[in-house]
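Computed from the coordinates by the stated procedures, all read-outs in this text should not be read as laboratory data. Not measured: the values here are computed from a predicted model. All Cβ positions, glycine included, derive from the backbone under ideal geometry; neighbour counts span all protein chains shown.
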Amino acid sequence: MATIMITHDLGVVAEVCDDVMVMYAGKPAEFTHAKEIFTNSKHPYTEGLLHSIPKITPDKKKLQAIEGQPPDLRHLPQGCSFAPRCSKAMESCLTQDPKMRKVGDNHQVRCLLYEDIESTKAVTT
């Protein structure tokens, strides 16, 4: 039996989920085991989400927001939907829509940062 849960609460994800698919603008951005998302995230959006979680530590670091605004889903930008907000965006991100790429065992990411890795293989979605 399987259950699909849709949430923005990464604390719940950590406690309940085995596998996680992070979505951005209606498309998968990253898919892997829940533990892997928290220890070895690959997509800049996933990294941004993780940096925006408050932490219970004595050093009280300021939360890092993801700059910019989410896109209008009726008029998505050309290329990667996250590119206008991405701190790692390259010029090609503005024109090319990335495909899901295998970047490890049971780990896939939709990002041009991983497009040139020889060991990656396109995954149809």
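Trypsin sites (Lys or Arg not before Pro) within region 1-93: which are DSSP loop residues with at most 12 other Cβ atoms inside 10 Å?
Counting only loop positions with at most 12 other Cβ atoms within 10 Å, the trypsin sites (Lys or Arg not before Pro) in region 1-93 are Lys55, Lys60, Lys61, Lys62, Arg74.
With respect to the cross-link table entries Lys27/Lys88; Lys42/Lys62; Lys62/Lys102; Lys27/Lys102; Lys62/Lys88; Lys27/Lys62, which display a Cα-Cα separation exceeding 26 Å?
Table pairs above 26 Å Cα-Cα are Lys62/Lys102; Lys27/Lys62.
Evaluate E = 1/(1 + (r/R0)^6) for Met23 and Thr57, where r is the Cβ-Cβ distance and R0 equals 41 Å; express this FRET efficiency to the nearest 0.05.
Step by step, r from the Cβ atoms, then E = 0.90.
Using helices alone, I'd like the mean residue ellipticity at 222 nm for the chain: each DSSP H run of four-plus residues gives -39500 (n - 2.57), total over residue count, nearest 500.
Rounded to the nearest 500, it is -4500 deg cm²/dmol.
Size of the dipole of the chain about the Cα centre, Lys and Arg at +1 and Asp and Glu at -1 on the beta carbon, nothing else charged, in debye to 20?
Taking the Cα centre of the chain as origin, the dipole is about 220 debye.
Specify which residue in the list Thr7, Ala29, Ile66 is farthest towards the positive end of the charge dipole of region 1-77, using unit charges on the beta carbon of Lys, Arg (+1) and Asp, Glu (-1), about the Cα centre.
Highest projection toward the positive end goes to Ile66.
Compute the Cα gyration tensor for the chain, then decide on rounded, prolate or oblate, letting a ≥ b ≥ c be the square roots of its eigenvalues: rounded whenever a/c is under 1.5, prolate when a/b is larger than b/c in the other cases, and oblate in all that remain.
oblate
Which distance in nm do the two modelled labels at Met5 and Phe38 give, with both placed 7 Å along the Cα-to-Cβ direction?
It is 1.2 nm.
Sequence gap at least 6, Cα distance under 8 Å: using those rules, report the relative contact order of the chain to the nearest whole percent.
21 percent
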